[in-house]
């Protein structure tokens, strides 16, 4: 008889972590739309709260009991168990938005006086939080660019005069919207060189662009992997959510702060994301196939001056070595510069028929937007241009439509430029 098989994540997305016998035999998890849960007796309630507030360690095989949906809920617990499988994480926490996940992680591991080292460019919301909110509470920050090596990043740190206060390295790779890539292992080396027995330096990676399928930051030295689950994980433009995965140690801290901030996802959000996880792999694979053909088409078009796509990284570049080591696919996100400026970019966007003019990404439908005046409008204009977010740049999230229809739409829109 064959030994028990270790099923792959895509096989486990339909059933892992769910016990039908606890829900009248329902093959799919119900929506546990409840605020509170009943204890069998007062002693059980006491035991549940002791664990929830960290008053004692869990006994062997003991699980955190259901108390209150701000702390835990079956829909969230099942979803978190399944999401953790993709990154081979110890634990996962789901939030009501991607920014909730990002801000909770930063607030938990950064305090006044600390230094945050981050890659640039970043998603506009993250950039704003770092440079406006964190600055207000006394957290310092400094950025580095894709393509800078270890020595150059060390120099950036030393110039701050606060290298000894480094507490977190936060990176977005590939970067939104330029697809610039950052070496996670290099960031881990920098973190290790600056941490002490008293103070750890955490590496956090926004993995939204790759979803949980095409890059696994924890394997390359990250402590935290963050997602806007609205994007590929949700995949249908009908839910807002975020997620954070990591070790038991860091996730215990994340979940504790989440409880007190109250930014956990709702049971209905959890249920919707469970549904989406069942088709995650097939959706993302089709999106990638389409994106590769779209990138090739745009790369050969006379009205396109530059295409940012992982599948087009030159093999003789240093980025290609990182790409081969760190990624499992070129993904479904790309950006490109139209020959001209804002006016030409707007003409293209306004002429699209099948591709929708909207922000967000990773869903079944293809979406296009103008980063400089939309998602990254709040980023300092000089910084935008420095990192390649120009007035001629268009970001494209490729969906699962029939590829010939997509290419027709892009072609006819480019004709209007």
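Summary of values
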item: Candidates 320, 346 - the one that is outside the structural domain of residue 173 (by TED's automatic domain parsing) and without any contact (Cβ under 8 Å) to a residue 12 or more places away in the chain; result: 320
item: Any hit, region 51-66, residues being assigned to a helix (DSSP H, G or I) and more than 30 Å from residue 6 (Cα to Cα); result: yes
item: Output for region 8-44, where each listed residue is over 18 Å from residue 64 (Cα atoms) and outside any loop (DSSP other than H, G, I, E, B); result: 9, 10, 11, 12, 20, 21, 23
item: Qualifying helices (runs of 4 or more DSSP H) (wholly inside region 96-204; at least 3 residues being surrounded by 21 or more Cβ atoms within 10 Å (Cβ to Cβ)); result: 98-109, 184-194
item: Extreme residue, surrounded by the fewest Cβ atoms within 10 Å (Cβ to Cβ), among residues of region 67-78 that are more than 14 Å from residue 92 (Cβ to Cβ) and out of contact with any helix residue (DSSP H, G or I) (no Cβ under 7 Å at 6 or more places or on another chain); result: 68
item: Qualifying residue in region 94-103 (condition: more than 30 Å from residue 165 (Cβ to Cβ) and not assigned by TED's automatic domain parsing to the domain that holds residue 370); result: yes
item: Test for residue 206: is it in contact with a strand residue (DSSP E or B) (Cβ under 8 Å, 6 or more places away or on another chain) and either assigned by TED's automatic domain parsing to the domain that holds residue 102 or closer than 23 Å to residue 384 by Cα (or both); result: yes
item: Lone unmet requirement of (1) on the phi < 0 side of the Ramachandran plot; (2) modelled with pLDDT of 90 or more; (3) not assigned by TED's automatic domain parsing to the domain that holds residue 254 for residue 82; result: (3)
item: Criterion (in contact with a helix residue (DSSP H, G or I) (Cβ under 7 Å, 6 or more places away or on another chain) and either surrounded by fewer than 14 Cβ atoms within 10 Å (Cβ to Cβ) or modelled with pLDDT under 95 (or both)) met by exactly one of 398, 389, 394; result: 389
item: Condition check for residue 331: touching a strand residue (DSSP E or B) at 6+ places or on another chain (Cβ under 9 Å) and under 19 Å from residue 171 (Cβ atoms); result: yes
item: Members of region 336-354 that are surrounded by fewer than 16 Cβ atoms within 10 Å (Cβ to Cβ), in contact with a strand residue (DSSP E or B) (Cβ under 8 Å, 6 or more places away or on another chain) and within 16 Å of residue 409 (Cβ to Cβ); result: 350
item: From the options 91, 61, 75, residue that is in contact (Cβ under 8 Å) with a residue 40 or more places away in the chain and over 19 Å from residue 257 (Cβ atoms); result: 75
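For every residue, the table says whether it meets (1) at pLDDT 95 or above; (2) surrounded by fewer than 24 Cβ atoms within 10 Å (Cβ to Cβ); (3) within 22 Å of residue 180 (Cβ to Cβ).
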residue: 217; (1), (2), (3): yes, no, yes
residue: 242; (1), (2), (3): yes, no, no
residue: 261; (1), (2), (3): yes, yes, no
residue: 270; (1), (2), (3): yes, no, no
residue: 279; (1), (2), (3): yes, yes, no
residue: 287; (1), (2), (3): yes, no, yes
residue: 306; (1), (2), (3): yes, yes, yes
residue: 312; (1), (2), (3): yes, yes, yes
residue: 323; (1), (2), (3): yes, yes, yes
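So that you can scan it fast, the table gives a plain yes or no per residue for (1) in contact with a strand residue (DSSP E or B) (Cβ under 7 Å, 6 or more places away or on another chain); (2) in contact (Cβ under 8 Å) with a residue 12 or more places away in the chain; (3) in a helix (DSSP H, G or I):
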| position | (1), (2), (3) |
| --- | --- |
| 211 | no, yes, yes |
| 218 | yes, yes, yes |
| 226 | yes, yes, no |
| 232 | no, yes, yes |
| 238 | no, yes, no |
| 252 | no, yes, yes |
| 260 | no, no, yes |
| 268 | no, yes, yes |
| 274 | no, yes, yes |
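The values are calculated or read from the model by the stated rules, or taken from the named source; none is laboratory data. Bear in mind that the values here come from a model prediction, so they are computed numbers and not experimental data. Quick reminder, even Gly has a Cβ in these numbers, built from the backbone with ideal geometry, and neighbours come from all protein chains shown.
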